[in-house]
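Everything on this sheet refers to the single structure shown next.
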Amino acid sequence: MVFDPAIPQPNDIISTSQSELLENFTQLNTVFGVNHVAFDAASSDKGKHKFVTMVQQATSPTSQANEYLMYSKELSGKAEIYVKPQNNADEYLFTKSGSVYTGLLPVVAVNFGTPLIAGPLATIYGTALGATTVDSLGSGIFKVNFPALPDNNYFWSISGFQNTSAPVISQIDNTVAYASAATTTFLRVRFFQTDSSSVTPLRATVIIWRFQ
Amino acid sequence: MGYKPGIPLSTDYIAQSQQDFINNFETVNKTYGLSVTPTENVGDHVALTETSEELIGKHKKTTLIKQAADPTVAASECALYSKGTPPNIYYRRDGDASGNQLTSNGRISVGGLILRAYVLFDWQGNILNNSIVDSDGNKTEVPIKHNITSIVQGTAGKADWTVNFTDTIGTADYFWVAQALTGKEGTLTPRGYFQVKGAAAYATSVAATFIKLAGYEKNGTLLASFNVPRIYLQVYTVA
């Protein structure tokens, strides 16, 4: 049975109304309790949300003055969150690909350096995002390895730290073609001094962003 | 008295049921949400007693009680919730193996990275401003920075700065993006190199509470600071 808003009727007998009223109170509590701490909960949290389930909307709802809407709509086969400012302003995408939507999604971030360990591998410091290992290829060239990306059209930032005052130039490895330096599973980076001599930086950071 | 979902019983008298109904309606009314007063904002929803058509049925706020596990999500749905200690906001779409974290450390997590600090400054260590114009045409200057206390020049007149963080990053193993315009403005000749300041030990230049940046001549001596007119820094950690 479901909640019936049209009971009791003036000509209903008590025995009929009793069961209908009972069902309504039960349904009210059950339905409310799907997303909320239920009316009959002993907790002082009753009435608050456990989680907000947003059923995909076929069309964008309308916002009035002094309110902000949050709802879900289908995007590429997934229910993603949209938000709409007051006065029915343009909606904008709030989540995409499992993250808050900003247009660029970081997929790799790693802080690495010496000492080099058996492999030869660079030491990864702290917690990395996406990167699995960093290979030292010699001549100041390192290969940052990561799980396969859909393509090699991404943005990168490469920055080295030296234990001297000599400038260290940090860039994508130009000793090979771009398609061999920036691939779907690794990025080759190169560190060298102003006289083009190679450098093994004490530390370096690499960040890769993809179009989101 | 609290809410009773199991009333009225078939054996109840009207006098008993009437009180039960009152108790239930009062509990629902308060639990669902009351109108906001200067001193109170009870419940997440606009009150059931609200008469304005524009407001009835809507939310005032959404309090997300921490969940022990990711909620189940059916087809054509997504769920927004909180989890963890301290709680952070997650969302889970239909088909996701688990939830996706949206906040961490009081900031938005984008793809698993948090922007922990950023700043845009000039060669004199002045933090630059963003001009914001409101609907009345009034302009406000807002410093382009987050979690930055100060920029201190390390060597007088030289491209050598210590950027101090307001709150500790919590680790020195963060990821930085440090870029600058190098070379005297108005000239075609590129000059100098900009990077984290070289030092015998990493900890001398990169720490949880500061980072040192420098501009160098080709021979490794520090550039005059005016040769690095614009600098920006971003600091990220994993969420």
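Before moving on, here are some points about what is shown:
- Using all pairs of distinct alpha-carbon atoms, the Kirkwood hydrodynamic radius of segment A:55-173 works out to 18.2 angstrom.
- Rg followed by Dmax, in Å, when the protein assembly as shown is reduced to its Cα trace: 29.5, 99
- Per-residue shielding of A:36-42, expressed as the average number of other chain Cβ atoms within 10 Å of the residue Cβ, stands at 5.
- Amide H contacts for A:Asp173 (H built 1.01 Å from N in the peptide plane; partners 5 or more residues away or on another chain; cut-off under 5 Å): A:Arg188, A:Val189, A:Arg190.
- Helix A:14-35 and the long axis of chain A differ in direction by around 10°, with both axes built from C-alpha atoms.
- For A:His36, residues with placed amide H under 5 Å, excluding near neighbours: A:Lys50
- For chain A, adding -39500 (n - 2.57) for each run of n ≥ 4 DSSP H residues and dividing by the number of residues yields -4000 deg cm²/dmol at 222 nm.
- Peptide A:95-108 shows a mean partner chain C-beta count of 5 within 10 Å per residue C-beta.
- For segment B:6-64: rounded, prolate or oblate by the Cα gyration tensor [a/c cutoff 1.5]: prolate
- Virtual paramagnetic centre 7 Å along Cα→Cβ of A:Asn87, amide N under 14 Å, in segment B:129-170: B:134-137
- Cα-Cα over 29 Å, subset of B:Lys83/B:Lys212; A:Lys78/B:Lys61; A:Lys50/A:Lys96: B:Lys83/B:Lys212
- Against the main long axis of the alpha-carbon atoms of chain B, helix B:14-32 sits at an angle near 10°.
- Rounded to the nearest Hz, the phi-derived 3J(HN,Hα) couplings of segment A:111-120 under the Karplus curve 6.51 cos²θ - 1.76 cosθ + 1.60 (θ = phi - 60°) are 10, 9, x, 7, x, 6, 10, 3, x, x, where x marks glycine and proline.
- Computed over every Cα-Cα pair of segment A:133-181 and binned at 5 Å starting from 0, the pair-distance distribution P(r) comes out as 4, 14, 25, 29, 16, 7, 3, 1 percent.
- Distance between the modelled labels on A:Thr16 and B:Lys139, one decimal in nanometres: 7.5 nm (7 Å Cα→Cβ projection).
- A convex hull fitted around the alpha carbon atoms of segment A:117-212 yields 104 Å³ per residue.
- Cα shape, segment B:41-98, gyration tensor, a/c 1.5 rule: oblate
- Over all pairs of different C-alpha atoms in chain A, the reciprocal of the mean inverse distance, the Kirkwood hydrodynamic radius, equals 22.5 Å.
- Amide H contacts of A:Val107 (H built 1.01 Å from N, under 5 Å, at least 5 apart or other chain): A:Ile208, A:Trp209, A:Arg210
- For A:158-171, mean number of other protein chain Cβ atoms within 10 Å: 6
Just so you know, all these numbers are worked out from the coordinates, no wet-lab data involved. Keep in mind that what you see is a predicted model, and the values were worked out from it rather than measured. Reconstructed Cβ throughout: ideal geometry from the backbone, glycine too, with neighbour counts over all protein chains shown.
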